[in-house]
């Protein structure tokens, strides 16, 4: 039996040397660019390896040797690492900050487990995680000394601010997105004004107003802590952007689904939470993950209003003294900390995208 190949069948894929020749050396110009780019890449890798590993100083016991070598002085991380990771938190209580940070990270990781997806289960999980964090960081019970929020800092503060902003801001974003689509003109108009106003202001301006201006216009009993005000203001800013992302996801859906739900006698709450929002989040998953990643990186702005998160702690670690010349190594270390969290968030977003495609299939 003769097999007739379809004229629409894709051509065989080139492999090995044929693929390299086709992709990188198909013309003389492509060949020159490939050789130059390859040489530059090799030079860059060798230079980084030489600076970061081969000629680097690792032991904090030998700071004088850092001035004798051309490589990195990682000894500054060993010597000033506690200040970078814990900020102004009392030295003898660093174990509490470590456990508190691990509690929030564990809560974030457990939130990624599909078996725990559910409003009640996630609510219990996050209340437990935040309660554990505050209990450990603030103290006042079980013999733990009280440490006010002005002394919180380092990586634990960065992670706490980020998690608080997302957890508080996401429900606000859902409410704003639904309010802007409301058929009541007053509600829709007010939601639109708030969203557009928040999106038109710089985040630093909003945080500065929450930290400095609010105490002048509110009575003492309504002010709360400085950290609480900043987190709430940051959450509102996040909610304004995320609300537009959710609204775009809702508008991308067919209007027939909402009409069909009403025809079946489903109420507003069931229609929104069982049909509209799940599809809206699925349609906007890449944008949502992107906004979450941006929020994590924006936590570094709080250093301007007096909080010693991990970036500010890194700056303080090399602000003066014998380690002042090795700020590059400190900022590389801080960048790696940010990279670990951002890369983890992006990989989780990719996992969710694959899972939603499988669910659709």
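Taken together, the values in this text are just the output of simple stated rules run on the coordinates, not laboratory data. Just so it is clear, the model here is predicted, and its values are computed rather than measured. Counting neighbours? That spans all protein chains shown, and the Cβs are built from the backbone with ideal geometry, glycine included.
Counting only helices (runs of 4 or more DSSP H) wholly contained in the range 256-341, no element carries 3 or more residues that are in contact with a helix residue (DSSP H, G or I) (Cβ under 6 Å, 6 or more places away or on another chain) and on the phi > 0 side of the Ramachandran plot.
Those helices (runs of 4 or more DSSP H) of the range 170-255 in which at least 2 residues are within 25 Å of residue 154 (Cβ to Cβ), considering only elements entirely within it, cover 203-208, 226-251.
Selection over the range 242-255 of residues that are touching a helix residue (DSSP H, G or I) at 6+ places or on another chain (Cβ under 6 Å) and surrounded by 14 or more Cβ atoms within 10 Å (Cβ to Cβ) gives a count of 8. Only a single criterion out of (1) more than 22 Å from the chain's Cα centre (by Cα); (2) farther than 28 Å from residue 325 by Cβ; (3) surrounded by fewer than 17 Cβ atoms within 10 Å (Cβ to Cβ) is not satisfied by residue 106, namely (1). Listed by position, the helices (runs of 4 or more DSSP H) inside the range 60-153 whose residues that are touching a helix residue (DSSP H, G or I) at 6+ places or on another chain (Cβ under 8 Å), closer than 20 Å to residue 336 by Cα and in contact (Cβ under 8 Å) with a residue 60 or more places away in the chain number at least 2 are 75-86. In the range 305-339, the residue that is surrounded by the fewest Cβ atoms within 10 Å (Cβ to Cβ) out of those that are more than 19 Å from the chain's Cα centre (by Cα) and more than 19 Å from residue 76 (Cα to Cα) is 306.
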